[in-house]
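A short worksheet on the structure shown next.
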Amino acid sequence: MIKESEYIKVLDDNTIEINLPSELGYERIAMDCSASFAKIVGFLPERIEDLKTAVSEACINAMEHGNKNHPDNRVVVNMNYSDHVFTVTVMDQGEGLQVSFDEMEPPDITKKINNLQTPRGLGLFLIKQLVDQVEFNKVSNEGHIIRMVLKLVK
Ligand SMILES: Nc1ncnc2c1ncn2[C@@H]1O[C@H](COP(=O)(O)OP(=O)(O)OP(=O)(O)O)[C@@H](O)[C@H]1O
Ligand SMILES: [Mg+2]
């Protein structure tokens with residue numbers, strides 16, 4: 001059992017870490033926290049919206065695909081801002097993507113409307129569009145990580 005004080009940690013002046021259960025809805029804590037942090041360091045509102053969407057998609061994937069919606073499996077969201085770069089990692093306790101991102105069929109809205117493609121399969125492509133850099137599928141002993149980077153343009 002994790003103590004309440006351990007859910008959100010300020011690791012240092014540049015780094016905040018959030019530890020969430022795998023329950024839909026908790027991703028909003030990561031969205032709101034990343035938005036507040038990005039606002040403090042100077043990101044514009046429209047870029048913050050991009051960040052929130054990317055964080056939300058990554059957290060929902062971590063809960064659903066990584067942790068199989070098992071509430072006790074944690075999603076750890078780490079946010080760091082240094083040298084005008086905002087980096088968010090989302091870690092789950094799963095084994096990562098079974099098909100590499102490059103091999104996934106890109107979403108095609110016409111196909112989706114005509115039931116020729118699953119209505120899902122949007123999250124990773126959305127993330128790719130919204131952030132400046134993304135690394136899918138870093139797998140270690142601790143779990144699987146997606147790493148997303150947004151650069152602050154002054
Ligand atoms: N954290 C993860 N761990 C394991 N597999 C993942 C993870 N994130 C994504 N995937 C795999 O990549 C696929 C594509 O993810 P993506 O978010 O694009 O679509 P989705 O989650 O299936 O649907 P949507 O996001 O549109 O609701 C998933 O179906 C899943 O197989
Ligand atoms: Mg998804």
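Among the residues of the stretch 119-135, the ones that are away from ligand 2 (no atom under 12 Å from the Cβ) and either in a loop (DSSP other than H, G, I, E, B) or farther than 12 Å from V55 by Cα (or both) come to 5 in all. The test for being within 18 Å of F125 (Cβ to Cβ) and within 16 Å of ligand 1 (Cβ to nearest atom) does not hold for E49. Within the stretch 137-154, residues that are over 18 Å from V76 (Cβ atoms) have Cβ atoms under 7 Å from residues that are aromatic (F, W, Y) and outside any loop (DSSP other than H, G, I, E, B) in these pairs: L150/F86; L152/F86, counting only partners at least 6 apart in sequence or on another chain.
If you go through the stretch 102-154 and keep only what is over 17 Å from C59 (Cβ atoms), within 12 Å of ligand 1 (Cβ to nearest atom) and surrounded by 15 or more Cβ atoms within 10 Å (Cβ to Cβ), you end up with P107, K112, Q117. Among residues of the stretch 48-62 that are on the phi < 0 side of the Ramachandran plot and without any contact (Cβ under 8 Å) to a residue 60 or more places away in the chain, none has a beta-carbon under 6 Å from a residue that is outside any helix (DSSP H, G or I) and more than 15 Å from ligand 2 (Cβ to nearest atom) at least six positions away or on a different chain.
None of the figures in this text is laboratory data; all of them are computed from the coordinates on show. Since we're looking at a predicted model, the values are computed, not measured. Note that we place each Cβ from the backbone using ideal geometry, even for glycine, and neighbour counts take in every protein chain shown.
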